[in-house]
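For reference, the structure discussed in these notes is given below.
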Amino acid sequence: CRAYCEKREDQRTFKLLRIRSLRMLEDLFEPEPDFNIREDKLGICDDAHEVELLVDESYAHILSEAVWGEGQRIDVRKDGSVGFKALMYGKASIVKWIMGMGSKVKVIGPEAIKEEVKNELRKTLQSY
C-alpha cells in the first residue's frame with residue numbers, strides 16, 4: 001500500500017498486515033499531477049523481466065486471483081496446468097515469489113530468472 005507518511009512527510013510503502021487500526025477522515029487526498037505509480041518504484045524494482053512460467057494446476061487459482069505483472073496472460077491448458085506471462089519488476093522479488101511455489105512451477109524465461117531460481121535451489125539443497 002502506497003501512502004503519505006505524516007511522520008516522515010513523504011510517500012512510503014506500508015504493509016497492510018502491519019496496520020493496526022484506521023479511521024475515516026473528511027480530508028481528501030489529491031495525488032500530485034505528475035505522479036505515475038509505474039515510474040515510482042523507489043529504486044527497488046527498476047529491473048524489468050518478461051516472466052514466463054508453467055505452473056501446476058494446484059496453483060492455478062492463486063495466479064488468477066491477482067495481477068502479478070503488467071500485461072499478465074494466464075492460459076489454462078488441457079491438463080489443468082497454467083501458462084503465465086507478464087512483465088514483472090524486481091528480480092529478487094520475482095525469484096522469491098517463484099520459489100514460494102516450490103516444485104509446482106517451472107521457469108520458462110527469462111534465462112536470468114531461471115538461473116537465479118536454480119542458484120537458490122542449490123543453496124537450499126546444501127542446507128540439508
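The values are calculated or read from the model by the stated rules, or taken from the named source; none is laboratory data. In this text the structure is predicted, and so the values were computed from the model without any measurement. Positions of Cβ are backbone-derived with ideal geometry, glycine not excepted, and every protein chain shown enters the neighbour counts. Accessible surface areas use protein heavy atoms only, side chains included; no ligands, DNA or RNA. Shrake-Rupley method; radii C 1.70, N 1.55, O 1.52, S 1.80 Å.
General remarks:
- For the peptides 103-112, 65-74, the ranking by mean Cβ contacts within 10 Å, running from highest to lowest, is 103-112, 65-74.
- Nearest-10 value in Å² for the accessible area of Leu121, using the 1.4 Å probe: 90
- Helix 111-126 and the longest principal axis of the C-alpha atoms of the chain enclose an angle of approximately 80°.
- Proximal lysines to Lys15, defined as alpha-carbon separation beneath 23 angstrom and excluding residues fewer than eight positions away on the same chain: Lys7, Lys41, Lys91, Lys96
- Helical mean residue ellipticity (222 nm; -39500 (n - 2.57) per DSSP H run of 4+; nearest 500) of the chain: -7000 deg cm²/dmol
- Between the labelled values (1) 15.4; (2) 18.8; (3) 17.3, the entry that holds Kirkwood radius over Cα pairs in Å as derived from this structure is (3).
- Between Glu57, Glu116, Glu32, the GNM of the chain built on Cα springs shorter than 10 angstrom shows Glu32 fluctuating the most.
- Theoretical gain in end-to-end length, Asp79 to Glu65 [0.36 nm per residue, Cα-Cα removed]: 3.1 nm
- At a probe radius of 1.4 angstrom, the accessible area of segment 72-128 per residue rounds to 65 square angstrom.
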